[in-house]
Every structure is written in structure tokens, then in C-alpha cells.
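Heads up, the thing below is written out as C-alpha cells.
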Amino acid sequence: MVDLDDLKTFMRITTADQDEILEEALAAANDYVREKTGIVMTAAPDAPPTNVRVYASGRALVLPYIRLDQDAILTVTDPHGNTVELADCDVNGRSGIITVPRVKGGSWTVSLNLPKASESLELAVKIIAEHLFGIQRGTGGVGPRQAAYGRQEGDRPAIGFAIPHRAKQLIEPYVVPGIG
């Protein structure tokens, strides 16, 4: 969803000397938002289709993604390599469940175009990553952006939480009950 260059721009960091720590914080932030929302986040809107292998539960194929547009699902291929017509399936992109016409055991392949995440979720990832990076550095989340708002390195670190409240507020409308 958010790549290292986007995060560094957000944090106003121009050097590469702490990229490893930044990447770790960014991976954790991306994972957290995915876990809470179930929303797929891709870095590029023109990304090639993604093939997902799933196993049927009866006639239902449960995708690892939810909140997909109906046109996001491109093809469904049964375990024998036969393409199943989407018109013959009950496709519920919102729940990430495709009901196929008949039961076949084995690994199914679903090809889909993954959507780009909302600007709110991208901002939440950046805020979380910046905070986690600050905790790792021992500054309690005081980075260049916080310093601009008056927080200094010597201030008592606010390390009692991992996810800043402003990031939680940005994610809240997208949280799916039972997922996170």
C-alpha cells in the first residue's frame, strides 16, 4: 500500500541510513491495516491481475480479500484447469465469497484486479509507521513531523501505545467486525 519512498517523503527523511528500521515499521503498519480492514492495498493502480489459490468449502470459494468491486474478479478456474463462467457463479465481492455451480475438490484459481486503498488508509499506514519508527529509535514517536509541532527529543516519550489514535480514527470506518 505504502512504499518506503512514500513513507520517507511523509516523514521528510532524505537519507538511507535507517531504511532497514523504516522498512520494518512500514511492514508492520501495512500488516496492521490489512488485518483490521481486510482491504487489499496495492502500490499501483495499474498493477497486473493477481492470481489467488483457494480451496472450496462446499461450493463456496472464500477469498483472502473483501470489499472487492464486482468487476474486480476476472476469472475462476476449477482444479482441473477449466474456466468457470462468472455468470454461473454467485459473486459477492463485498464478503469475498464466490459460490460456484458445483462442488469440486482441490485448489481453485481466482484471478482478480486488486483495488487501491483509500487515501485515509494510506495516511493511517504512514502515521503508524512513523510512530513505530520513533519508538524503535527511542524517541517515543518524535520524528521530524512531530518536532515541527513542538515536541522535542527530550520530551517524555509516549510509548504506552503502538497505534496512534489519529490512525485508529482513519481506519475505523473500514474495520470489519470479526476480522480485527
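Over region 58-125, what is the relative contact order in whole percent, taking alpha-carbon pairs under 8 Å and six or more residues apart? Mind showing how you got there, number by number?
Details: 103 pairs, mean separation 27.6, N = 68.
Normalised by residue count, the contact order of region 58-125 is 41 percent.
Largest first, what is the accessible-area ranking of GLU119, GLU35, GLU130 with a 1.4 Å probe?
Result, largest first: GLU119, GLU35, GLU130.
What does the accessible area per residue of region 1-113 come to in Å², with a 1.4 Å probe and no ligands, DNA or RNA counted?
Values: 6230 Å² over 113 residues.
Result: 55 Å² of accessible area for each residue.
Between amide H atoms placed 1.01 Å from N, distances below 5 Å from LEU114 occur with THR50, all of them 5 or more places distant or on a separate chain. Using a probe of 1.4 Å, the accessible surface attributed to VAL62 totals some 80 Å² when neighbouring protein chains are kept in position. Less than 5 angstrom separates the built amide H of GLY96 from those of ARG67, LEU68, all sequence-distant by 5 or more or on a different chain. Computed with a 1.4 Å probe over protein heavy atoms only, the accessible area of HIS80 comes to about 140 Å². If you sort TYR65, TYR55 by accessible surface, 1.4 Å probe, largest first, the order is TYR55, TYR65.
Run the numbers for ASP69 and GLU119: contour at 0.36 nm per residue of separation, minus the present Cα-Cα distance, in nm. Please list the in-between numbers first.
On the way: separation 50, 0.36 × 50 = 18.00 nm, distance 1.75 nm.
Length gained between ASP69 and GLU119: 16.2 nm.
The values are calculated or read from the model by the stated rules, or taken from the named source; none is laboratory data. Here the structure is a predicted model, which means the values were calculated and not measured. With ligands, DNA and RNA removed, areas are computed over all heavy atoms of the protein, side chains included. Shrake-Rupley method; radii C 1.70, N 1.55, O 1.52, S 1.80 Å.
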